[in-house]
Every structure is written in C-alpha cells, then in structure tokens.
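The values are calculated or read from the model by the stated rules, or taken from the named source; none is laboratory data. Model, not experiment: these values are computed from the prediction. We place every Cβ from the backbone using ideal geometry, glycine too, and count neighbours over all the protein chains shown. Just so you know, the surface numbers come from the protein's heavy atoms only, side chains and all, with ligands and any DNA or RNA stripped out. Shrake-Rupley method; radii C 1.70, N 1.55, O 1.52, S 1.80 Å.
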Amino acid sequence: GWPFNLYGDGLLKSTDAGASWSYIAGPFAAPTESSDYFGGGSRILALSVNPSNSSVLLAAVWGWGTPNGGIFRSTDAGNTWKQVLSGGRGATVFYYPSNGNIAYAALGDYYGSASDGIYKSTDGGVTCAQVKGTGANVLPSANVGSIILTPALSSPTTMYATIFESGSTTALLGFYKTTDGGQNWTSPSTLLDLPSDPPQTMAVN
C-alpha cells in the first residue's frame with residue numbers, strides 16, 4: 001500500500017559500511033508543530049548524495065505544512081539541513097550521476113498544491129526551478145496530485161514521470177517522458193502496466 005502509515009523520526013547514519021549507526025534528528029523528527037496529529041515527524045522518501053562531494057546531500061521530505069516538507073539540503077554529511085524547496089510533499093530527488101551541479105526533484109501533494117511539479121537545479125541543489133516543458137510538450141498543470149519521477153538507467157537526461165490526479169492513488173493524469181532533462185515532455189503511446197497501488201520507484205531502461 002501507499003507507505004504513509006507512520007511518521008518519520010529523523011535519519012540514521014553509518015560511517016563504517018553499516019557496522020554501526022548514529023542518529024540524526026535534524027529538522028525531521030517530531031514534534032514539528034503543536035498539534036498531536038499533524039506534528040509528527042516528517043517522512044524522508046528519498047536521499048541523494050552529490051557525486052562530486054559526498055558531504056552534500058538532498059532529501060525529499062513528506063511533511064504536514066510547507067515548513068516541514070519539500071526538498072532539504074545538507075553540506076555537512078547530514079548533520080544539519082536547510083530547506084531549499086518549499087512544499088509539503090517532497091516525493092523524489094536525485095543528482096545527475098556524473099555532474100554534482102545537476103539535480104532533479106518532484107513535489108506531489110495527494111490533495112493538490114500550487115507547488116506540485118518537477119524541478120531542476122543547476123547549482124547542486126542550492127536553488128531549483130520548475131521544468132514544465134515547452135510548447136505543446138508540457139506536463140499537466142491542473143488537478144495534479146502525487147508525482148513519481150524516475151531517471152532512466154541508460155541516460156541521465158531521460159526521465160519518466162507518473163502523475164496522478166489529486167485525491168487519488170490510482171487515477172492517472174498521465175505518464176510522461178523527457179529525453180532532454182525536462183525541456184520537453186511527451187506521453188509515450190505504450191504505457192507501463194502499473195499496479196493499482198503505485199510503486200515508489202520504477203527503473204526504466
């Protein structure tokens with residue numbers, strides 16, 4: 001099922017290949033606000049390490065309210081974090097594997113939000129700009145809900161985006177592909193056979 005059943009409680013970090021772990025609460029552990037229901041810790045749905053500097057990380061964070069969710073960046077190996085992209089539902093984030101200056105992220109709120117969309121950074125995650133496409137090759141802008149963004153294994157500028165209607169985990173707005181890093185998006189004529197409950201990651205060649 002859609003894995004949003006539990007609140008998060010920070011990060012665990014290992015510096016000895018997993019033999020031992022240390023706890024980092026960061027800005028992710030509870031309480032994040034005064035409400036007992038909405039103040040639980042944020043869920044970290046994705047982490048990405050900068051290929052040019054392993055002390056720099058990006059985190060896609062799912063949290064109640066924009067102060068608690070979005071995309072966060074660390075420059076000291078996860079000890080401290082700064083929010084670089086505001087949005088309650090950070091879904092995906094990853095660095096371009098051969099260039100630490102390039103990163104992509106997706107914000108996708110189940111209920112729909114003005115910040116929902118796919119973003120690109122050209123400065124290592126310090127700033128991000130939305131990549132909607134150009135001309136007729138654009139992503140939908142209305143009724144957008146959850147988004148799953150996955151890079152192709154064969155090319156880092158090729159990505160696939162599954163976009164769901166707001167308020168649903170099964171109704172698709174569409175399945176989209178870009179081969180130029182988000183400048184243009186097209187909808188392939190043949191879609192993957194998706195299960196009724198969407199996966200968190202999809203590896204596509």
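Just a few scattered comments:
- Scanning the stretch 80-104 for residues that are small (Gly, Ala, Ser) and buried (at least 21 other Cβ atoms within 10 Å of the Cβ) turns up Gly87, Gly88, Gly90, Ala91, Ala103.
- The criterion of being under 21 Å from Gly181 (Cβ atoms), touching a strand residue (DSSP E or B) at 6+ places or on another chain (Cβ under 8 Å) and acidic (Asp, Glu) holds for Asp116.
- Entirely in the stretch 98-173, the strands (runs of 3 or more DSSP E) that have 1 or more residues that are of a type in the set (Lys, Arg) and touching a Phe, Trp or Tyr at 6+ places or on another chain (Cβ under 8 Å): 117-121
- Screening the stretch 131-149 for residues that are of a type outside the set (Gly, Ala, Ser) and surrounded by 19 or more Cβ atoms within 10 Å (Cβ to Cβ) and picking the one that is nearest to Gln183 (Cα to Cα) gives Val131.
- Output for the stretch 111-130, where each listed residue is surrounded by fewer than 21 Cβ atoms within 10 Å (Cβ to Cβ), among the aliphatic types (A, V, I, L, M) and modelled with pLDDT of 85 or more: Val126, Ala129
- Boolean, Gly108 is open to solvent by less than 20 Å² (accessible area, probe 1.4 Å) and either within 13 Å of Gly87 (Cα to Cα) or not aromatic (Phe, Trp, Tyr) (or both): yes
- For the stretch 174-204, filtered to residues that are of a type in the set (Gly, Ala, Ser) and not in a strand (DSSP E or B), the residue that is modelled with the lowest pLDDT is Ala203.
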